């Protein structure tokens, strides 16, 4: 299976709001192959989460695996956070903003409703890294990036740093 290209900030396609996935679409071989390709892309990057928006598929789903041995792959289709509490600061990075890390405040505990990769309704309550990752990837589905939590000055510095890195890589 081929790796999918990951869009990078400031690509305007990262600002696209994802459309709901029709549950009937989950049963198609094409959709299942796309999920597998997203996992393969995420693991190769390497990352712990990847929203469909990051690979230029603007549908509401994401793949996540925060386990150290890559043994707990999770698929969230049409996710909705239905409860959250507390707050925590995590240093986040993003496959669409390579090499940049920043502190972001997120809810400490969340409850999310979603469909799994087979269209079965699920409810998950979690905290820690998994909760942070879910919130981060869900932001992608509404066209928001973790750099949006930074000041405009810091965000511009990130943009310039990424442009400089691209120019250096092309030289």
- Angle in degrees between helix 128-141 and the longest Cα principal axis of the chain, rounded to the nearest 10: 80
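Which value in deg cm²/dmol, rounded to the nearest 500, describes the helix-derived mean residue ellipticity at 222 nm for the chain, given -39,500 (n - 2.57) per DSSP H run of n ≥ 4 and division by the residue count? List each step's numbers first, then the result.
Details: 3 runs with 49 residues, N = 171.
It comes out at -9500 deg cm²/dmol, rounded to the nearest 500.
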- Query: Based on the inverse mean of 1/r over its pairs of different Cα atoms, what is the Kirkwood hydrodynamic radius of the range 122-171, in Å?
  - Reply: 13.2
- Diagonalise the Cα gyration tensor of the chain and give the resulting equivalent ellipsoid semi-axes, square root of 5 times each eigenvalue, largest first, whole Å. 25, 20, 14
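Over the chain, what relative contact order in percent results from Cα pairs under 8 Å that are six or more residues apart?
Numbers: 300 pairs, mean separation 40.3, N = 171.
It rounds to 24 percent for the chain.
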- Query: Where does each of 8, 30, 92, 85 land when they are ranked from fewest to most other beta-carbon atoms within 10 angstrom?
  - Reply: 30, 85, 8, 92
- Task: With a Förster radius of 22 Å, plug the Cβ-Cβ distance of residue 123 and residue 85 into 1/(1 + (r/R0)^6) and report the FRET value to the nearest 0.05.
- Result: 0.90
- Task: Using only Cα atoms, find the angle between the long axis of helix 29-44 and the longest principal axis of the chain, and express it within 0 to 90 degrees, rounded to the nearest 10.
- Result: 40
- Message: Expected output is a single nm value to one decimal: the length gained when fully extending between residue 68 and residue 19, i.e. 0.36 nm times separation in residues minus the C-alpha distance. What is it?
- Response: 14.5 nm
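If you rank 76, 101 by fewest surrounding Cβ atoms within 10 Å, what's the result?
On the way: 76 25, 101 12.
Final ranking by Cβ density, sparse to dense: 101, 76.
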- Message: Multiplying the sequence separation of residue 166 and residue 2 by 0.36 nm and subtracting their Cα-Cα distance, what value in nm do you get?
- Response: 56.8 nm
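Read the figures in this text as sums done on the coordinates, not as results from a lab. Every value quoted in this text rests on a predicted model; they were computed, and no experiment measured them. Note: ideal-geometry Cβ built from the backbone for every residue, glycine included; neighbour counts use all protein chains shown.
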